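Each remark here refers to the structure printed beneath this line.
Since every read-out is calculated from the coordinates, none of them should be taken as a lab result. Computed from a prediction, not measured in an experiment: that's the story for all the values here. Glycine gets a Cβ as well: all are built from the backbone with ideal geometry, and neighbour counts include every protein chain shown.
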């Protein structure tokens, strides 16, 4: 194994790390907000289901985003989760 290849394999990009630290909670919050908004329950049940539904998304993204090929792919995954949810919430409007 050459020295260049070993250094490259151990190198973690800042973009992937930021996607895991910043993008994963934002995406999970968006999923939780969508669950709260679109589930046919109201009040504390909507909050509980939205919170507990978004938590596994946060953990899954935080664990898998650092494994992405590069930072662009990691941020693309975050955007692929957040953008459709945000559009659906905007189209739904306030209630």
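Here are a few things to note about the model shown:
- With respect to the chain, whose longest principal axis is taken over its alpha-carbon atoms, helix 44-64 is tilted by about 10°.
- Protection proxy ranking, highest mean first, for peptides 33-46, 74-87: 74-87, 33-46, where packing is the per-residue count of other beta-carbon atoms within 10 Å, averaged.
- Between 0 and 90°, nearest 10: helix 71-92 axis offset from the chain longest Cα axis: 10 degrees
- 0 to 90° range, to nearest 10: angle between helix 24-38 axis and the chain longest Cα axis: 20 degrees
- Tail beyond 15 Å, pair distance distribution of the chain (Cα, percent): 63 percent
- Extension gain (nm, one decimal) between residue 73 and residue 18, 0.36 nm per residue minus Cα-Cα: 18.6 nm
- The slack in the chain from residue 87 to residue 60, taken as 0.36 nm per residue of separation less the alpha-carbon distance, amounts to 7.5 nm.
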